[in-house]
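Worksheet for the structure shown next.
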Amino acid sequence: MMKIYNTRQGIIISRNDQYFLSEEKSWNIFVNRVNLFEVVSNELKQLNADDQLKEVVASDLLAPIDHQEVWASGVTYFRSREARIEESKDAKGGDFYTRVYDAERPELFFKAPAYRTVGPGDEVRIRKDSKWNVPEPELTLFICSAGTIEGYTIGNDMSSRDIEGENPLYLPQAKSYNGAAALGPCLLVPEGPINPDTNISIEIIRDSAIAFSDQISINQMRRKHTDLVDYLFRELDFPFGAFLMTGTGIIPSDDFTLRGGDIVKITIDEIGTLTNTVAI
Ligand code: DO4
Ligand code: MG
């Protein structure tokens, strides 16, 4: 399995527990390639012992993004449909969520530019004007400018449930604000599509105890990754490629809300763990 890390030292390629510093300095040039797996495998053959590192230093990690935009898909798992119907019941928003779950066209929304996306170890935020907030752990696709899925990372689509619940038209405010998007810790670059039985799990730690945990397999997702990408790329160009969060299948029960100081740990098989502390 090959992983690419964006770090303060430069771009690090990891394969079979070996780490190499790439000669390429630009993240945009490095990742935005068709058949990234093959291109990086060939590059690895040119690297030698001088380029080898002992490890990736956790404090050096950056979000695996530079000029790319982050987009997100919604209501792609049954649990998300159910939770949205519940949170919007006073505003009679439920029908919209059922319809988008069943419709051919998926819900896609702009989540964040790179400069508003945080990386491993950074702080995610909850809005000051919101009282009901959750993290959304999501497998996130990296798609190159030609529209092919070249890698996978972990995304946290932080969401203000009371703001979206009041009116679905408030979605951009519930979803897009400073510290609302986290990506990392690396870009997984497999030889083919990710294993369809890949698991996503989350732990929220509060005062050193687990306040919430859950897991789901991506085989519970209603839509195909390639269908989401087809819709995203229909009328939009992404000259540097794009990230697409694929939706959440995990939402805590309605009595749960995040607090400042909570630690959110999202793990996806083969990719690793993305850890962020919640700030207000
Ligand atoms: O419809 C609102 C957003 C849904 C979403 O972010 C998700 O299902 O993950
Ligand atoms: Mg989401």
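The values are calculated or read from the model by the stated rules, or taken from the named source; none is laboratory data. It should be emphasised that the depicted structure is a prediction, and the values quoted were computed from it without experimental measurement. So basically every Cβ, Gly included, is an ideal-geometry build from the backbone, and we count neighbours across all protein chains shown. All accessible areas refer to the heavy atoms of the entire protein, side chains included, with ligands and DNA or RNA removed. Shrake-Rupley method; radii C 1.70, N 1.55, O 1.52, S 1.80 Å.
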Query raised in the report: Amide H of Leu53: which non-local residues (sequence gap of 5 or more, or other chain) have their own amide H closer than 5 Å, using H built in the peptide plane?
Result: Tyr19, Phe20, Leu21
**Report entry** Cα-centred dipole magnitude for region 14-160, charges only on beta-carbon of K, R (+1) and D, E (-1), debye, nearest 20
**Finding:** 540
Query raised in the report: What residues from region 120-156 fall in the zone where the backbone N is under 19 Å from a label point 7 Å along the Cα-to-C-beta line of Ala211?
Result: 121-138, 156
Requested in this report: Search the structure for amide H atoms under 5 Å from the amide H of Ala182, placed 1.01 Å from N in the peptide plane, and list their residues when 5 or more places away or on another chain.
Outcome: Val118, Asn156, Met158
Report summary line: Between the alpha carbon centres of region 156-210 and region 17-60 the gap in Å comes to 27
Query - With eigenvalues of the C-alpha gyration tensor scaled by 5 and rooted, region 5-82, Å - result: 29, 15, 13
Query - Accessible area expressed per residue, the chain, with surrounding protein chains retained (probe 1.4 Å, Å²) - result: 46
Query - FRET efficiency for Leu53 and Glu191, using Cβ-Cβ distance with R0 set to 25 Å, rounded to 0.05 - result: 0.60
Requested in this report: Pop out the ³J(HN,Hα) list for region 148-157 in order, Karplus 6.51 cos²θ - 1.76 cosθ + 1.60 with θ = phi - 60°, rounded to Hz; leave Gly and Pro as x.
Outcome: 9, 6, 10, x, 9, 9, 9, x, 10, 9
Query raised in the report: How much accessible area does Arg79 have with a 1.4 Å probe, in Å² rounded to the nearest 10?
Result: 60
Report task. Give the dimensionless ratio obtained when the Cα radius of gyration of region 153-280 is divided by 2.2 N^0.38 Å. Result -> 1.13
Query - 10 Å-binned pair-distance histogram of the chain (Cα, whole percent) - result: 7, 31, 36, 20, 6, 1, 0
Query raised in the report: Using the Cα atoms of region 40-111 to build a convex hull, what is its mean projected area in square nanometres?
Result: 9.2
Query raised in the report: What are the ³J(HN,Hα) values, in whole Hz, obtained from phi via the Karplus relation 6.51 cos²θ - 1.76 cosθ + 1.60 with θ = phi - 60°, for each residue of region 160-172 in sequence order, with x given for Gly and Pro?
Result: 9, 5, 5, 6, 5, x, 5, 6, x, 6, 7, 3, x
Report summary line: Packing-ranked peptide list from 24-30, 174-180, 58-64, highest mean Cβ count within 10 angstrom first, is 174-180, 58-64, 24-30
